[in-house]
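Any read-out appearing in this document is the output of simple, stated calculations on the displayed coordinates, not a laboratory observation. In this text the structure is predicted, and so the values were computed from the model without any measurement. Ideal geometry is used to build each Cβ from the backbone, glycine not excepted, and the neighbour counts take in all protein chains shown.
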């Protein structure tokens, strides 16, 4: 068989591990040929690719980034994108395409599959917000990086007798905030799924100081937002302290908490460091298994599906199901972590 | 309510996270009282305990070991062990006991439960071999430590043009070997569940050198063993090279591979470093959730059960089921990792 | 002898290691008595202290922060500060005071020493800017944390085809920027000691893209500044893009580079994560040696001095010398690292 | 100019950083040409080399091992080794050779230099035992890896109430044992430079248990040995417990301490994990500076020297001086660390 692989969307630890696994399983075990398209769908649309043999994937298992490059280009961005892609698949004699990517990529994969192309998807997102799979690779690395930072910040917050508001990734869902906050013993966690009440947050943090503690750590997903009407913004989009609405939740919360508590509060924005670099052992195993099972699905002709983890098993789920809903943090998980209502 | 907690058996990253979580949930949220028995069942048998309040568990979430101490004493070791334990539970007015431990501890927990004590177990083992739960805390840390070591050993093996045989924990099951071997891209993995054929292993490793590679890494679970009759031991328990049978699988394999391949081979035994120290973020979250749900089970009166992870949910399973069988690596997981037959 | 210890100023990995070492050397080896003042000079001024024996310092060697607490209070802040301190030293029968702190603390230490108190200082700063000592503890940890972040950011910058401007600590000196930038292979480094020319920086970064590279990493010390007149600020303190002058160097540089290069550029501000948490092995050894030698100086009566590393030796240097000048990055060190002129 | 580089001897974190630095400084800054010999002196003797340009050293700064390969071959191993090497240097038109290696390599470098070849050496050893340089790269990484292991082992030793004897690298000198033992707070350290008295060691460890502690950690350099006559070996080379003399110091000490103290004692041998993998930030900076200054020495014609760190400066010292003596742990450093006499 002849298989094409591509990686699309933002950086995510484990991409190279999937590529390597696809090549190992397909080339070594099945005697397939594998090519890799450069820069995601762009490579497919422009017929820009390289041959992937064992040497090409040597030493990449633990390396961050993707040897194939990535871009945010989608076939639907071009009027004749799908047709052009199909043309190249025919031309190159490909029996299957394995796109590795997030929500947008999987939607594109579904579109391509619906138009008749043999597609097997591999889900990728550090945010862990793809439904039908228990976890996606990259998430554990992001949580690990955030937790290590929180561990370090704790002693600093304590020495300086401060509130630190630490902003972690998660525009639409609070998974990274929830897990890193639990892992590091944060004193409050705010997530997009449950708009917070600033009064309640102030009360929770304030209780710590009343109990004689010298510091507090608040973890905020970047997409966390106040409950409607609880933090005032004027028409110009500035809050009551003159701070811009979109300056980032950590900055806003620091200002609010400092004002309300009379304690020094500082924002820390972890940023891109959460999505790059070497994957954790957990993510390498998951990524490797996804790659292996994607090749198996290709050989079984199980197209229009993507790999997913359910319990300890890798299963195949229809792409249609995968992109229907966002996996948000359920209510009982908030309760466990004492997120702020 | 009044709840007693104890930790029993070997060291395992995450024990303190469970203790902390039990105290947070029980004391803060439910207004319970919690005491901790010293050195496992020994503390219960000798009525040796301390009060656990918020201060007692401050700062322990990320710390390895157990603030309660541990021992390998089981109630059944004493003729009147169960009776004595029951007496102390009555005396102290305890409404529940939460023992945190491995197979032996959970068997003891079941025995205590059968004799009428209100017990909720929390499973603990770095080996990941307890049935009915997808994972146990401590396992991810052990795999992470082993993977970091394997990452480092690769460059050394390459520079020295050697075979390294790296022995990881796992007397009865190969989970740590399987996951760390996959995560680090080991060239062969041997596990207890599938006795290996030394000829086959030699062939697999030899192929690498024939293909021009300069080194190979073999990961061996400490309980891995040769298929019957494939490695000769004389009556004195020595192999054909005069090496003792029980010198450890890594040493034996190094000698065999060096002889058969004509390449320098060296054993590395990772040892206790895999079971100590700060837990990974993954293990801290799992341990925290186990503690939280154990307290909830106590409040629901769901005794005779233990916490378990199934998919993304924490569920309660009967202690009877938990200790019936060992969770071994299933055949399809070997195939994914190309373990040696 | 009776010795008082205190830690003053911001958080710095290794403070606990010094405290532990002082107690080990003084109490165990010399039979001294050691007390620790709470929250820096504040504890001395208010006579707020605790006894430090072996148990008090058990398990703190690798822990971040300081068990004694810290504050930015200096004796000179009070009109009768020095007198009051002297009074308490007499009252408590102290034979020596060991203040551990940065530039401000060492100046206070000198003041106290000049007024007749028996003082032996221990220098502390993650910035590595104290003259007369080759290195200070905390610096290696800060560089290590920044380097790990830079390692991760590289794959992300590459995947996203961006310039990342990473701001590290260093208001007056560029040591952390220089070392972490060299260690991570940054493509340009800007430091306070050498005001940069934005044209030159643009040229250096632009060359990479012209050579076909897909990303660039610029490391900027927080105190780095443009050469006079090379970046325009209007009277309101806003630059030509309307960005505030004090928004941070990384934000300003990102905007400038994005405009000038036509490449996406993003700021990352590492912040407090560089100054907290467990110290590296290097810093633990250095801190331990400083503590040991401070006690020896006390026993030799070598007051008015502080510990310093010169080559591989710990020596004692007069406090007067230590605080005279700031240790800046010398010109030849820039050249090695190809810092931008 | 045309410069040849080679790496010789065992693996050492930082080798690639030196190679990269030589290429950056020579090719980019001076417009030189650089070639790399494969597998150390072997490549020079067999004229086996590759061209090293910027692409060849892309992404290797943080990678363990050496892209040039290594071997233990020395020119003096061949009767006409030196002559043959000189012939190839002439043939290739090389203006300088930069060998990077340990004691043996530097001796060979001196031999080559004495015979008229233009040689600038770069010292390399994780053991830190090369005189005239304060530190060598690789040492900090080895100490860091050992310290991380010791940190983890502490909680395990405590939970299991044991003595752990941890063997670290250092056949002739105790630098790694000294620094990792200090950094981790080991309770006793034994090093080759000061043969230990087993009675004294037993006393030191025993005191801890008498003081109510539950565990002890002993760090032993692999070359540590008992003071003559203090541990009995019979003629067959077995000690009184029937253990072989050369089974390794950690195993011997465990057996002795267990017998003498009546406490469980276990050996842990860290092994090769100390000498491989990604270098610490410290080692990357030092290796980079060594490479930079080696190129400068070539351009100044300062042959027959090697790079060395003295204080914070990189200086050039004659190869003759460098290999004269081994740098052993001086007496006052033992005292600081309370090594066992």
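Between the stretch B:34-98 and the stretch D:117-131, what is the separation of their alpha carbon centroids in Å?
57 Å
Please give the FRET efficiency for residue D:79 paired with residue B:209, using the beta carbon to beta carbon distance and R0 = 25 Å, rounded to the nearest 0.05.
0.25
Let me have the relative contact order for the stretch C:1-157, percent, based on Cα pairs under 8 Å that are six or more residues apart.
26 percent
Let's test the formula: R0 of 35 Å, r as the Cβ-Cβ distance of residue B:331 and residue B:230. What FRET efficiency results, to the nearest 0.05?
The value I calculate is 0.95.
Starting from a label point 7 Å past Cα on the Cβ side, list the distances from residue C:115 to the same position in the other copies, nm, shortest first.
6.8, 7.1, 8.1
Take residue A:95, project a point 7 Å from its Cα along the Cβ direction, then tell me which residues of the stretch A:29-48 have their backbone nitrogen under 15 Å from it.
Backbone N within reach: A:29-35.
Which ordering of D:143, D:119, B:268 is given by a fewest-first count of other beta-carbon atoms within 10 Å?
Ranking D:143, D:119, B:268 by Cβ neighbours within 10 Å, fewest first, gives B:268, D:119, D:143.
With label points built 7 Å along Cα→Cβ from the Cα atoms of residue C:115 and residue C:310, find their separation and express it in nm.
It works out to 3.0 nm between the two label points.
Compute the Rg/Rh shape ratio of chain A: radius of gyration over Kirkwood radius, all on alpha-carbon atoms.
Ratio of gyration radius to Kirkwood radius for chain A: 1.05.
Please identify which residues in the stretch B:172-211 have an amide N closer than 19 Å to a label point set 7 Å out from the Cα of residue A:53, following the Cα→Cβ vector.
Only B:207-211 fall inside the zone, counting backbone N under 19 Å.
Nearest 10 degrees is fine. How inclined is helix C:249-261 to the longest principal axis of chain C, computing both from alpha carbons?
That works out to roughly 10 degrees.
Please compute, for peptide C:132-144, the average count of beta-carbon atoms on other protein chains lying within 10 Å of each residue's beta-carbon.
Mean number of neighbouring Cβ atoms from other chains: 2.
With a/c under 1.5 counting as rounded, go ahead and sort the protein assembly as shown into rounded, prolate or oblate using the C-alpha gyration tensor (a ≥ b ≥ c being the square roots of the eigenvalues; past the cut-off, prolate if a/b is larger than b/c, else oblate).
Rounded shape, in that the Cα axes give a/c under 1.5.
By how many degrees, 0 to 90 and rounded to 10, does the Cα axis of helix A:175-184 deviate from the longest principal axis of chain A?
60 degrees
Using only the alpha-carbon atoms, how far is helix A:103-114 inclined from the longest principal axis of chain A? Give it as 0 to 90 degrees, nearest 10.
Value to nearest ten degrees: 30.
Just want the ordering: A:63, A:20, from fewest to most Cβ atoms lying within 10 Å of their own Cβ.
Arranged by neighbour count, lowest to highest, A:63, A:20 become A:63, A:20.
Provide a whole-number value for the mean count of partner chain Cβ atoms within 10 Å of the Cβ atoms in peptide B:265-274.
That works out to 6 on average.
Give the relative contact order (percent, whole number) for chain C; include only Cα pairs under 8 Å separated by 6+ residues.
For chain C, the relative contact order is 23 percent.
Taking the Cβ of each residue in D:78, C:45, B:286 as the centre, tally the other Cβ atoms inside 10 Å and list the residues starting with the fewest.
Going from least to most buried by this count: D:78, C:45, B:286.
Using a label point 7 Å beyond Cα on the Cα-Cβ vector, give me the inter-copy distances for residue A:35 in nanometres, one decimal, shortest first.
The answer, with the shortest distance listed first, is 3.8, 7.4, 8.1 nm.
List the relative contact order of the stretch A:43-108 as a percent without decimals, with contacts defined as Cα pairs under 8 Å and 6+ residues apart.
38 percent
If you count, for every residue in D:157-168, the Cβ atoms of partner chains within 10 Å of its Cβ, what is the mean?
4
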